[in-house]
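Read-outs throughout are calculated quantities, based only on the coordinates presented, and are distinct from any laboratory measurement. Keep in mind that what you see is a predicted model, and the values were worked out from it rather than measured. A quick note on method: Cβ atoms are made from the backbone with ideal geometry, for glycine too, and the neighbour counts reach across all protein chains shown.
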Amino acid sequence: MGKNLVQKIFEAHKVAGELIPGKEVAIRIDQTLTQDATGTMAYLQFEAMGVPRVKTKLSVSYVDHNMLQTGFENADDHRFLQSVAAKYGIYFSRPGNGICHQVHLERFSVPGQTMLGSDSHTPTCGGVGMIAIGAGGLDVAVAMGGGPFYLPMPKVLLVRLNGRLRPWVAAKDIILEALRRLTVKGGVGKILEYGGEGVKQLTVPERATITNMGAELGATTSVFPSDEQTRIYLKAQGRESSWVALGPDHDATYDEVLEIDLDRLEPMIARPSSPDNVCPVSEVEGTKLSQVCVGSCTNSSFRDLMTVATMLKGKTVHPDLSFTVTPGSKQVYTMIAANGALADLIAAGGRILESACGPCIGMGQVPASGTASLRSFNRNFEGRSGAANDKVYLASPEVCAASALAGEIVHPKRLGDPVTVGFPERFILDDNLIIPPSPHPERVEITRGPNIKPVPIRGELSITIEGEVLLKMGDNITTDHILPAGSKILPLRSNIPAISEYAFSRVDPDFPKRAKEKGGGFVIGGSNYGQGSSREHAALAPMYLGLKGAIVRSFARIHRANLINFGILPLIFVEEKDYDAIGQGDQLRIERVAEQIRGGQPLVVKNLAKGTEFRVRHDLTRREVDILLAGGMLNYTKKAAA
């Protein structure tokens, strides 16, 4: 029986375990990626391990999130990151070099290799045939130290693309259609492998748009084969030597199959406030806009911006809206400047932003109150833009450009024939903003600003856990709900005591005060709890405030792992009625915790306020149980090393 592409790469990197869906497997990691919003904490954790040099083939530290320097904190973090990179053998991508996923795709991606990144959109590099997985910073730190990455072996879902895209239909519409059909929970526990005749027409930047936004499905990652399109892209990047042909066997089998007929697709759009709230653009045409933004790690490639510039050439965006453009990398910025497209965008009324995440994480360009914003981004969770009760729509760059001209959401066919953008034979290559590690690490002194605080560590798990239900929430709680981003909060990422004051602030601003007064406790959630960003701060800050356990209907993958890494019990209701019966303020107690979780049976939780009991289960592996009993991954790693 033939193997699919996922099985081939996993098998080549397997350290332990079995390639059976649901069974724990450990894989060797070739590359790591961090960005500045998660990187400072990841490198503090790496330092705490006492490893003198990274042990990966390649590790890169990017600065692309905390770029708005309204205080000293972000600049201090950047200096810390640069000095850490120099000392520990890490390449450093300076501020201005671009968004981590776009730059890594351009300059470092290698078909067939594995990568772990402290950002949920790390799967972008699956566009060249990598197994690239988003994770918490602590997992990335362990990988940099030479440790394998453990995960339940995902199912492999084949997304078979049939036919060809029609005029004005883009790669973004393919992933929006997948989200429409699968929802934000449909990829949990799965890897999406793309195949079929339709794959051959998609360039690497188009594939990267799809794998990038696969994170919104809750998928572990997404991957395309490495084929002639991959070779063309890597050759144009001056890296043809990195290319290798990779694909499934002709008789490969899959756990599930999703068929998408490209010739039936039309331009799609995600309505507020979830990436899976998708419909055809035609259903929301006429929606007035105050803002249109093109960019983010999803759609800021040379091809994307050239498409928009060509559509806007000689025209002016509607006077009632603000139009922003974010080049994804210095390479993209340089190329559109050199060929005149940048001038066309400026002449059309574009506000050109620096090559950074920016509006996507609420770092500037907050939309006007009560108005709609259309963006070529990957997420539109409520409040993520920086405005409460925002109305953010997601669509392709083509839809964004046409709508920017009209002042309202429109189908791009209104502009007539679609534009054609040729693929460059050679990209402009200049890596002068990527600094290699120091050849003399012993001479490098780590620079630490006053905002950088030590990593908080929890003690071993108690025999009995007791505490109040501090907060009860519903389904699809995101990490933006748990620990928001934005220009006010992001600069505190390296200061857990300070950032913890914003934990759950979008749900209940009094949570931090209540948690401290009650000495910690529990939170209750619905299904898909912790979806969205990989930010481990959504576990770190609640842990600092004394959170002992999260009891929910189901967890999102990365957040569940982060809870375990920081010693917080991830528990799941056995019966639905128990979720309904529990209330905020109830006092819960779990006795003989270690004995109960080691036994693998449902745990008994006593509700002291109501005089009742209910059962919860866990899906912890033996290794994860040991991590929790030790009080988290750092304690576990130190104990294992000793």
In whole Hz and in residue order, list the ³J(HN,Hα) couplings for the range 198-215 that follow from phi through the Karplus curve 6.51 cos²θ - 1.76 cosθ + 1.60, θ = phi - 60°; x for Gly and Pro. x, 5, 4, 7, 8, 6, 4, x, 5, 4, 5, 4, 6, 5, 4, 7, x, 4
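At 4 °C and 1.567 mPa s, grab the translational diffusion coefficient of the range 5-264 from Stokes-Einstein with a Kirkwood Rh over Cα pairs, rounded to a whole number in µm² per second.
On the way: Rh = 18.6 Å.
Rounded to a whole number, D works out at 69 µm²/s.
Give the peptides 621-631, 606-616 in descending order of average Cβ contacts within 10 Å, highest first. Don't jump to the answer; show the numbers that get you there.
On the way: 621-631: 18.5, 606-616: 14.6.
Highest mean packing first, the order is 621-631, 606-616.
With the radius of gyration and the Kirkwood radius both derived from the Cα set of the range 457-553, what is their ratio Rg to Rh? Could you put the intermediate results ahead of the total?
Numbers: Rg = 12.7 Å, Rh = 13.5 Å.
With Rh from the inverse mean 1/r over Cα pairs, Rg/Rh is 0.94.
Regarding the range 336-403, what is the average projected area of its C-alpha convex hull, in nm²?
Values: hull surface 19.7 nm².
So the Cα hull casts an average projection of 4.9 nm².
Counting every Cα pair in the range 56-130, what percent are over 20 Å apart?
Working: 932 of 2775 pairs.
When every Cα pair of the range 56-130 is considered, 34 percent fall beyond 20 Å.
How long are the semi-axes of the ellipsoid equivalent to the chain, from square roots of 5 times the Cα gyration tensor eigenvalues, in whole Å, largest first? Working shown, then result.
Values: eigenvalues 280, 146, 130 Å².
In descending order the semi-axes read 37, 27, 26 Å.
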Counting Lys +1, Arg +1, Asp -1, Glu -1, what net charge surrounds GLY238 among other residues with beta carbon under 14 Å of its beta carbon? 0
Estimated vicinal HN-Hα couplings, Hz - the range 370-385 in sequence order (Karplus 6.51, -1.76, 1.60; Gly, Pro = x): x, 10, 9, 10, 10, 9, 8, 8, 10, 9, 9, 4, 4, x, 5, 5
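Using per-residue counts of other Cβ atoms within 10 Å, averaged over each peptide, order 459-465, 389-395 from highest down. Display every interim value, and only then the final one.
Numbers: 459-465: 13.6, 389-395: 23.1.
Result, highest mean first: 389-395, 459-465.
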Along the charge dipole of the range 268-415, Cβ charges K/R +1 and D/E -1, which of ALA402, GLY328, GLY314 sits furthest on the positive end? GLY314
Positive-pole candidate from ALA143, GLN45, CYS100, dipole of the range 12-144, charges at beta carbon: ALA143
Assign unit charges at the C-beta atoms only (+1 for Lys and Arg, -1 for Asp and Glu), then state the dipole size of the chain relative to its Cα centre in Debye, rounded to the nearest 20. 840 debye
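Give the peptides 363-372, 169-178 in descending order of average Cβ contacts within 10 Å, highest first. The partial results should precede the final answer.
Working: 363-372: 16.9, 169-178: 26.4.
Top to bottom by mean Cβ count within 10 Å: 169-178, 363-372.
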